Amino acid sequence: MQYEVEIEGRVRTVIVTRTGDGFAVRVDDHARIVDAVRIDAHVLSLLVGELWPTHDTGPADRGTDARRRLGPRTSYEVALSRAGSAQLIVSVGATPFTVTLNGRRRAKDVAGPAGAGPQRIVAPMPGKVIRVLVQAGDAVLARQPLVVVEAMKMENELRAARDGTVAAIHVKEGASVDAGAPLIDIT
Amino acid sequence: MKKILIANRGEIAVRIIRACREMGLSPISVYSECDRGALHVRYADEAYAIGPSAPRESYLHADALLDVARRSGADAVHPGYGFLAENQEFAAAVRAAGLTFIGPSPEAIALMGSKTAARAAAARAGVPVVPGTGEPLAPDAPDADVARIADEVGYPLLVKAVAGGGGKGMRTVTDRTELIGAVGAARSEARTAFGEAAVYFERQLVRPRHVEVQLLGDEHGTVVPFVERECSIQRRHQKVVEETPSLAVSPALRQAMTSAAAAVARSVGYTNAGTIEFLLDEDGRFYFLEMNTRLQVEHPITEMVTGIDLVRWQIRIARGERLDIDPEAVLAPNGHAIECRIYAEDPDNNFLPSPGRILQLRAPAGPGIRDDSGAGAGLDVPIFYDPMISKLVAWAENRPQALARMRRALDEYLVTGIRTTLPFFSWLLAQPAFIEGRFHTAYLDEELKARNGRPFTEARPEAEEIAAIAAAIHATMTGAAPASATGRWKVQARLDGLRTGARPVRGGSAGGIRL
């Protein structure tokens, strides 16, 4: 089973083959043996065994003496939840990743902290716009505060992810906004 | 006293329920719309809806709470912390309804709840106060007057809400240019948080520590102070880590601070649980900061090193019982305890709140670990309230061991579905200055500023590969599989799954996958 997995803006080819008691998995050219157990609807426990890649001479060799060529078996607990039609949020420990499986390539979240290009600052939660700190046309620096949204009894400064210019301001001070509402565009 | 109405939610409501259970009392909970499934509802004997999710219409709605007290036949009300805990009208209304308020008298709440009146009371009791204005600023004071008063206090200064608490309605001002904006912001936040916009100024001490003294007072004139708590690790004036005892407090200083705290409490006839907060400067001089007339969030660390159940004592005192704990023993800590306040906030995105559904939650346990939590898997962290999900406490024989336990517990703590401040605490507990106890109230904000948004969650390439593997295995296990065309694959995958017992479908590469 071959999957194209887009994760953190990179597409990786993952090949999964069922074996007797688990899965043989190849990510790009890195082969591993994985024992997977479903804990509940959202959670998988994985024991991931490295295969020593230099001695891997091909499929014929793999079946015969796999155990001896297994490296350490590392334990991971992974939580998966759906985010949109073709996207999963996959959390490995405390770190969540947005994963698209075989889906059409999605433009990276424009408000994301990394990468280049335009940014759209959106309300992270329902709240009230307390202050707009910039005007259209202003040059802004990375991490410069742009707008203050009050939610959960606290005033939260939303900042620019990268340097840029304020292209549009979509809200006025005092406005109530829903989660995801566009606030400011930066080019 | 048989039934106690708990006028609160979240971890503190659960904490009070536990004390009730241990005393053979029946806990009664209240809940807002979004809290129907919350732990404090499920743990209680009875639970009653009190209104919509907005605090003003539920947990701050005194009439609705008193109505539940009547309906349920409760004979006492425990307010917890936050919400109505320091509202003298509510305490008075509880009494007027013929019920016991588990806390200080309405008069004591009113007096110590006003920061300016409390400062005056401390000064009368002979305890030094932080230099600042004696009276609140007039709400209509012209900017020029505000600036003149600020000049008299001296910069840097703090603008603080008279009715304040929890760091809300507070602003630091380093020079005149920031003054008027900061006063406006503090007033607006104070009005939202406390319904009262009055603010005053306090001089900002140079690199002070925040050290506080827990007290219990009974209704027969006995006041007992406890070993101090160190709460200097603060972000934007909000405590995030507390520990006891403080590395900065010698036995002689402990004697002086706890005696001063008890003197202030006695001078105002204080009863039940309360905390006197001090600032401690680099020369070991301490200044009265304010009094919290309630149970504190961080009370568990005191419980861990003294063995005293503070909530149980709150209830016993409210029943009129006499304090019979050994005052010497509670000034001599057994070991060391530390607390991390775990928040549903994203430390990698400027600590923005991260509300939502918790998919998975496994709290740490084992030697010396206590987790006071109101959260659980399948529950939502609502947008309406403080986003604290748990107080993680570690106790050990000494501080290095307590820190080691806390690090171990942070590693064990597993929360997915929302972002939490767990990675931030793992970072903090590895900082040399923190480990050596070299910090003050501005330490954390300075460190965070220096980090300039660098993420706490290490982007390990290994974790990324594991996520890719997990997604692919999950798809293989659930039988959802790639197919040559979107739309058709779902049906095909389901049919194939039925036929072959969830075996994957073989096919092309352009489909989609769904959970």
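A few comments on the model shown:
- Single residue of B:ALA69, B:ALA76, B:ALA91, B:ALA44 found to be under 23 Å from the mean Cα position of the chain (by Cα) and touching a residue at least 24 places away in the same chain (Cβ under 8 Å): B:ALA44
- Selected residue (only one of A:ILE33, A:ILE15 is part of a strand (DSSP E or B), more than 7 Å from every other protein chain (Cβ to nearest Cβ), modelled with pLDDT of 90 or more and over 22 Å from the mean Cα position of the chain (by Cα)): A:ILE33
- Of all residues in the range B:330-354 being touching a Leu at 6+ places or on another chain (Cβ under 9 Å) and part of a loop (DSSP other than H, G, I, E, B), the one that is nearest to the other protein chains (Cβ to nearest Cβ): B:ASN350
So that you can scan it fast, the table gives a plain yes or no per residue for (1) under 21 Å from the mean Cα position of the chain (by Cα); (2) without any contact (Cβ under 8 Å) to a residue 60 or more places away in the chain:
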| residue | (1), (2) |
| --- | --- |
| B:PHE351 | yes, no |
| B:ALA365 | yes, yes |
| B:GLY376 | yes, no |
| B:LEU379 | yes, no |
| B:MET388 | yes, no |
| B:LEU392 | yes, yes |
| B:GLU397 | no, no |
| B:PRO400 | no, yes |
| B:PRO423 | yes, no |
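- Any hit, the range B:355-369, residues being outside any strand (DSSP E or B) and at positive phi: yes
- Subset tally (residues that are over 30 Å from B:GLY164 (Cα atoms) and buried (at least 16 other Cβ atoms within 10 Å of the Cβ)) for the range A:139-169: 7
- You will find that of B:PRO225, B:PRO251, the residue that is free of Cβ contacts under 8 Å to residues at least 24 places away in the same chain, under 24 Å from B:ALA122 (Cα atoms) and of a type outside the set (D, E, K, R) is B:PRO251 and no other.
- For the range B:419-479, the helices (runs of 4 or more DSSP H) that sit wholly inside it and include 1 or more residues that are within 10 Å of chain A (Cβ to nearest Cβ) are B:422-428, B:461-478.
- Lone unmet requirement of (1) out of contact with any helix residue (DSSP H, G or I) (no Cβ under 7 Å at 6 or more places or on another chain); (2) assigned to a helix (DSSP H, G or I) for B:ILE325: (2)
- Inside the range A:36-46, residues that are loosely packed, with under 13 Cβ neighbours inside 10 Å and within 7 Å of chain B (Cβ to nearest Cβ) make up a count of 0.
- Matching residues in the range B:32-43 - criterion: being over 21 Å from B:GLU86 (Cβ atoms) and surrounded by 23 or more Cβ atoms within 10 Å (Cβ to Cβ): B:ASP35, B:ALA38
- Some residue of the range B:194-204 being surrounded by fewer than 19 Cβ atoms within 10 Å (Cβ to Cβ), within 14 Å of chain A (Cβ to nearest Cβ) and not acidic (Asp, Glu): yes
- Residues of the range B:71-80 that are buried (at least 18 other Cβ atoms within 10 Å of the Cβ) and either outside the structural domain of B:ALA44 (by TED's automatic domain parsing) or closer than 20 Å to B:ILE12 by Cα (or both): B:ALA74, B:ALA76, B:VAL77, B:HIS78, B:PRO79, B:GLY80.
- All of (1) surrounded by fewer than 22 Cβ atoms within 10 Å (Cβ to Cβ); (2) away from chain A (no Cβ under 14 Å); (3) not hydroxyl-bearing (Ser, Thr, Tyr) hold for B:ILE301 with one exception: (1).
- Which listed residue, of B:ALA96, B:ALA120, is without any contact (Cβ under 8 Å) to a residue 12 or more places away in the chain and under 30 Å from B:ARG266 (Cβ atoms): B:ALA96
- The range B:137-170 - residue that is basic (Lys, Arg) and at pLDDT 90 or above and, of those, nearest to B:ARG187 (Cα to Cα): B:LYS160
The values are calculated or read from the model by the stated rules, or taken from the named source; none is laboratory data. Since the structure is predicted, the reported quantities are computational estimates derived from the model, not experimental observations. Please note: Cβ atoms are built from the backbone with ideal geometry, for glycine as well, and neighbour counts cover all protein chains shown.
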